Amino acid sequence: MRNNLRKMRTSPLLNALFPAGRRRILAATLLQPDKWWYLTELAAHLDTSPSSLQRELESLTRSGLLERRQDGRRIYYRANTASPAFADLESLFAKTAGLVPALQGELKAFDHGITWAFLYGSVARGGEGAHSDVDVMVVGSVTTAELVPVLKRLERRFGREINVTRYSEDEFYRKVRHGDHFLTSLLKGERVMLKGSAHELATVAGAT
């Protein structure tokens, strides 16, 4: 199955700042900074040929943005977290090409079937690691079966496991009214909204 990175929604800001090839390499490496990418693996991930990446990879390595190591005949690359530009670039790509904007973009396909969607857990608290699971709550008429293909696509793209919990509106309200422990704790915790009104959700949370 072809990877969807070639067709991914791109930020106008990133389009203006970086050529397409460089932008896609930086997105892959900066958003998974612990991962060493073998050349052919990265090419497959980006749905392109290894030869089309080599010049850009060498340029980024010379600039200090990427690290390079060789194991026999294999050459690997990853983000250089010691680069003075790493933190700023990682933040820029996370905000414009990272998991949150990607989820928001993909969930637009279900606009009429989602009342609220939000992140909770370690990601919402800002305490996750590079490989932490991502917990997503979805409330609405959209089904889990409809969501799974989208989330699996994003799992492959970001190298993160995405766990979705889904309720219909009626079930969500009923559980909240009955003091469901899981939802009560979740609604009192940190959240990152992906879809829907944060104010309305806060009103529901205040009623618990």
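The values are calculated or read from the model by the stated rules, or taken from the named source; none is laboratory data. Source: prediction; values computed, not measured. Ideal geometry is used to build each Cβ from the backbone, glycine not excepted, and the neighbour counts take in all protein chains shown.
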Q: For region 167-178, state whether one or more residues are modelled with pLDDT under 95 and either under 25 Å from the mean Cα position of the chain (by Cα) or outside any helix (DSSP H, G or I) (or both).
A: yes
Q) Just for region 153-187: of the residues that are in contact with a helix residue (DSSP H, G or I) (Cβ under 7 Å, 6 or more places away or on another chain) and without any contact (Cβ under 8 Å) to a residue 24 or more places away in the chain, which one is surrounded by the fewest Cβ atoms within 10 Å (Cβ to Cβ)? A) K175
Q. Considering only residues of region 28-86 that are aromatic (F, W, Y) and under 21 Å from T96 (Cβ atoms), which is surrounded by the most Cβ atoms within 10 Å (Cβ to Cβ)?
A. W37
Q) Is it fair to say A16 is small (G, A, S) and modelled with pLDDT of 90 or more? A) no
Q: Only residues in region 24-44 that are among the acidic types (D, E) count as the first member; pair them with residues that are surrounded by fewer than 18 Cβ atoms within 10 Å (Cβ to Cβ), Cβ under 6 angstrom, at least 6 apart or cross-chain, and list the lot.
A: D34/A130
Q: Spot the failing condition for A97; the list is (1) touching a residue at least 60 places away in the same chain (Cβ under 8 Å); (2) touching a Ser or Thr at 6+ places or on another chain (Cβ under 9 Å); (3) of a type in the set (G, A, S); (4) closer than 25 Å to A202 by Cβ, and only one is missed.
A: (4)
Q.
Looking at region 132-144, can you tell me whether even one residue there is of a type outside the set (F, W, Y), within 21 Å of W37 (Cβ to Cβ), under 12 Å from the mean Cα position of the chain (by Cα) and in a helix (DSSP H, G or I)?
A. no
Q: Would you list the helices (runs of 4 or more DSSP H) that sit entirely within region 37-115 and hold 2 or more residues that are under 16 Å from F158 (Cα atoms) and of a type outside the set (D, E)?
A: 39-45, 86-97, 99-107
Q: Determine which member of the set V204, V150 is among the hydrophobic types (A, V, I, L, M, F, W, C), out of contact with any strand residue (DSSP E or B) (no Cβ under 8 Å at 6 or more places or on another chain), in a helix (DSSP H, G or I) and over 19 Å from A124 (Cα atoms).
A: V150
Q) Out of curiosity, is E190 in a loop (DSSP other than H, G, I, E, B) and in contact (Cβ under 8 Å) with a residue 12 or more places away in the chain? A) yes
Q: Taking the residues in region 23-32 that are under 17 Å from L154 (Cα atoms) and not aliphatic (A, V, I, L, M) as candidates, determine which candidate is nearest to the chain's Cα centre (by Cα).
A: Q32
